[in-house]
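S.K.: My questions all concern the structure below.
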Amino acid sequence: MDSLAGSPSRRIVIASFVGSSVLAGGNAIAIKFSNQELSPLWGAAFRFLLAAGILFAVMAIMRLSLPRGRQLLGTIVFGALNFGGAFAFAYYTLVHMNAGSAGALLALTPLVTLLLAVAQRQERLRLGAVVGALLAFAGVGFISSATLQASVPMVALLAALGSVLCFAEAAVIARWFQTPHPLVVNAVGMAAGVVVLIVFSLLAGEHIALPQRSITWLAVGYLVPFGSIGVFVLYLVVLRHWTASRAVYVDVVTPFVTVLLALWLLDEQITVALVLGGLLIVAGVYVGALRSRVLASSTSETEGQRSEPPHIEQSF
């Protein structure tokens, strides 16, 4: 791990990783409060609509230009998956599942990302990934049994896994395209996500209205500047310098923050199944992706090699 924290640029990436993880930990809690008043899909769209508006204003002040051609296509696809599909599933999940369980399932993202990256020939499959997959999916089994005993619909569990799949594929896609400034990626990506979410909301016949309760506005007040802009700008900083399966380890740290906040703010209980399932998932993603990525990074640095695809920009 020392090799990851030597230069100032690496320290910035690690700081961005920690910051994104901690800020993201509060998202599930804020979404639970938002869902108490706003329809799930509309709540997600409203959040990203405000965040995108702020980012476009900052772009104008900084005179940042919109992406074009392949960059624009990649940014739109990334946004449709990362903000549209992933959060459509996530908001629905949090209507039926507590924040701690949903956060534990989110820890599957790095392993799913690795498997998708291997399938798309972006990374190589390793024995550790197979062992990690078995551990992680055993953890999902524990958590799913607990949610079923708590009368959580199976569709909510499937929605949580759908969110993981969207987050994972979005990270892989982001690594294939040259990405512009993180503010630009998030502004355009969130706008694309808003379109997807509003379409889904209208198809679902949701009630669209502005929040009326102060607690909802407080939740939105966290989700827009911190849970959207802060989290995803920092996340893209990490994703620019680390491989997809390594960058999404943000989702491994996040559940620990979420569980602590859920205990404090929502009085949620920690069950034995949740603890065992969460530990198995964390062990699985560590063995399957994090440990092997650290070793691979150290080896490549020693040999003077770079693991990033040649068409990925490495500077801002």
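S.K.: Do you know which of the residues in the stretch 238-274 that are surrounded by fewer than 24 Cβ atoms within 10 Å (Cβ to Cβ) and hydroxyl-bearing (Ser, Thr, Tyr) is modelled with the lowest pLDDT?
M.R.: Only one residue tops the list, namely THR271.
S.K.: Please go through the stretch 115-130 and pick out each residue that is modelled with pLDDT of 85 or more and basic (Lys, Arg).
M.R.: Selection gives ARG121 alone.
S.K.: Scan the stretch 106-118 and tell me whether some residue there is of a type in the set (A, V, I, L, M, F, W, C), free of Cβ contacts under 8 Å to residues at least 24 places away in the same chain, closer than 26 Å to GLY277 by Cβ and in a loop (DSSP other than H, G, I, E, B).
M.R.: no
S.K.: Here's another thing I want to ask about it. Answer yes or no as to whether PHE137 is more than 23 Å from VAL220 (Cα to Cα), among the aromatic types (Phe, Trp, Tyr) and in a helix (DSSP H, G or I).
M.R.: Details: more than 23 Å from VAL220 (Cα to Cα): yes; among the aromatic types (Phe, Trp, Tyr): yes; in a helix (DSSP H, G or I): yes.
It is true that PHE137 is more than 23 Å from VAL220 (Cα to Cα), among the aromatic types (Phe, Trp, Tyr) and in a helix (DSSP H, G or I).
S.K.: Does ALA86 satisfy the criteria of being out of contact with any strand residue (DSSP E or B) (no Cβ under 6 Å at 6 or more places or on another chain) and either surrounded by fewer than 18 Cβ atoms within 10 Å (Cβ to Cβ) or closer than 21 Å to ARG240 by Cβ (or both)?
M.R.: yes
S.K.: Something else about it: Among residues belonging to the stretch 1-52 that are assigned to a loop (DSSP other than H, G, I, E, B) and either buried (at least 24 other Cβ atoms within 10 Å of the Cβ) or of a type in the set (A, V, I, L, M, F, W, C) (or both), point out the one that is modelled with the highest pLDDT. So that I can check it myself, show each step before the final result.
M.R.: First, the residues of the stretch 1-52 that are assigned to a loop (DSSP other than H, G, I, E, B): 1, 5-7, 26, 36-39.
The next check asks that each one be either buried (at least 24 other Cβ atoms within 10 Å of the Cβ) or of a type in the set (A, V, I, L, M, F, W, C) (or both); those that pass are 1, 5, 38.
On the way: MET1: 36, ALA5: 42, LEU38: 95.
It comes out as LEU38.
S.K.: Among the listed residues SER34, SER65, SER16, SER21, which satisfies the condition of being over 19 Å from the mean Cα position of the chain (by Cα) and of a type in the set (Gly, Ala, Ser)? I'd like the intermediate steps shown before the answer.
M.R.: Values: SER34 fails: over 19 Å from the mean Cα position of the chain (by Cα); SER16 fails: over 19 Å from the mean Cα position of the chain (by Cα); SER21 fails: over 19 Å from the mean Cα position of the chain (by Cα).
None of the other options fit; the residue is SER65.
S.K.: In addition: Which condition from (1) out of contact with any Pro (no Cβ under 6 Å at 6 or more places or on another chain); (2) buried (at least 23 other Cβ atoms within 10 Å of the Cβ) is the one that GLY103 breaks?
M.R.: GLY103 satisfies all of (1) out of contact with any Pro (no Cβ under 6 Å at 6 or more places or on another chain); (2) buried (at least 23 other Cβ atoms within 10 Å of the Cβ) except (1).
S.K.: Please indicate, with yes or no, whether at least one residue in the stretch 153-175 is surrounded by fewer than 21 Cβ atoms within 10 Å (Cβ to Cβ), in a loop (DSSP other than H, G, I, E, B) and modelled with pLDDT under 95.
M.R.: Checked the stretch 153-175: at least one residue is surrounded by fewer than 21 Cβ atoms within 10 Å (Cβ to Cβ), in a loop (DSSP other than H, G, I, E, B) and modelled with pLDDT under 95.
S.K.: Looking at VAL188, is it of a type in the set (A, V, I, L, M, F, W, C) and more than 21 Å from ALA30 (Cα to Cα)? Please lay out each step first, then the result.
M.R.: On the way: of a type in the set (A, V, I, L, M, F, W, C): yes; more than 21 Å from ALA30 (Cα to Cα): yes.
Taking the combined requirement at face value, the residue satisfies it.
S.K.: Grab the helices (runs of 4 or more DSSP H) fully contained in the stretch 181-243, keeping just those with 2 or more residues being polar (S, T, N, Q) and under 18 Å from GLY84 (Cβ atoms).
M.R.: Values: elements: 182-203, 214-223, 231-241.
It comes to 182-203.
The values are calculated or read from the model by the stated rules, or taken from the named source; none is laboratory data. Keep in mind it's a predicted model, so treat the numbers as computed, not measured. With ideal geometry, Cβ positions are generated from the backbone for all residues, glycine too; neighbour counts draw on all protein chains shown.
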